[in-house]
Amino acid sequence: MFSRILTLLQGEGAVAEENRFERVQVATCALLMEVAHSDGHYQAAEAKVVHDLLAKKFDLSAAAVAELIDYSHDHREESLDLFQFAREINAHFSRAEKLDVMEGIWRVIYADGTLDKYEDALARQLATLLRLDHKDVIDRKLLVLEETRNVARSE
């Protein structure tokens, strides 16, 4: 899988229809990882949220998710900007799927229970790159925030 993802991202060979999902997986993972690292602290709660989101969204095993996270982490660090990842998502995801990614971004942000100013700024930047309406982004943010508060109250 690693070599196939590497080949796809380097643009070697024709991309078959079934392979586009691997590129989208890397792009989605890279954005989630960028958010998880944006406040300077990559916490266990954030790592768990990223892992769970990727496993559910792409129906991946724990081993495949770990491999995807490792590869995406390296690729994210080598990247000059986030546009390339957002472009991949925009090319292959519907509006609803992009909103799901945005909801995942909010879940990663609120995994530690706080909204850091860097996380907030990055979320706004990603919403713009993903071409999402401000109202829809805020609706997803409020949904996640309410769920987070309900979980905190029940504990």
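The values are calculated or read from the model by the stated rules, or taken from the named source; none is laboratory data. Treat the numbers as computed from the prediction; the structure is a model and nothing was measured. Cβ: placed from backbone, ideal geometry, glycine included. Neighbour counts: every protein chain shown.
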Selection status of Glu119, of a type in the set (D, E, K, R), closer than 19 Å to Glu146 by Cα and in a helix (DSSP H, G or I): yes
Complete set of residues in the range 122-155 that are touching a helix residue (DSSP H, G or I) at 6+ places or on another chain (Cβ under 7 Å) and charged (D, E, K, R): Arg131, Asp136, Arg140, Lys141
Those residues of the range 83-122 which are of a type in the set (A, V, I, L, M) and buried (at least 19 other Cβ atoms within 10 Å of the Cβ), in sequence order: Ala86, Ile89, Leu99, Val101, Met102, Ile105, Val108, Ile109, Ala111, Leu122
Among (1) aliphatic (A, V, I, L, M); (2) part of a helix (DSSP H, G or I); (3) in contact (Cβ under 8 Å) with a residue 12 or more places away in the chain; (4) more than 16 Å from Met33 (Cα to Cα) - the single one Ala63 does not satisfy: (3)
Hits in the range 59-82 (condition: within 11 Å of Gln25 (Cβ to Cβ) and surrounded by fewer than 17 Cβ atoms within 10 Å (Cβ to Cβ)): Asp59, Ala64, Glu67
Residue match in the range 11-29 (condition: within 26 Å of Glu155 (Cα to Cα) and in a helix (DSSP H, G or I)): no
Close pairs from the range 25-41: first within 12 Å of Ala86 (Cβ to Cβ), partner assigned to a loop (DSSP other than H, G, I, E, B), Cβ under 7 Å, at least 6 apart: Leu31/Leu82; Glu34/Leu82
Test result for Leu54, at pLDDT 95 or above and either among the small types (Gly, Ala, Ser) or surrounded by 13 or more Cβ atoms within 10 Å (Cβ to Cβ) (or both): yes
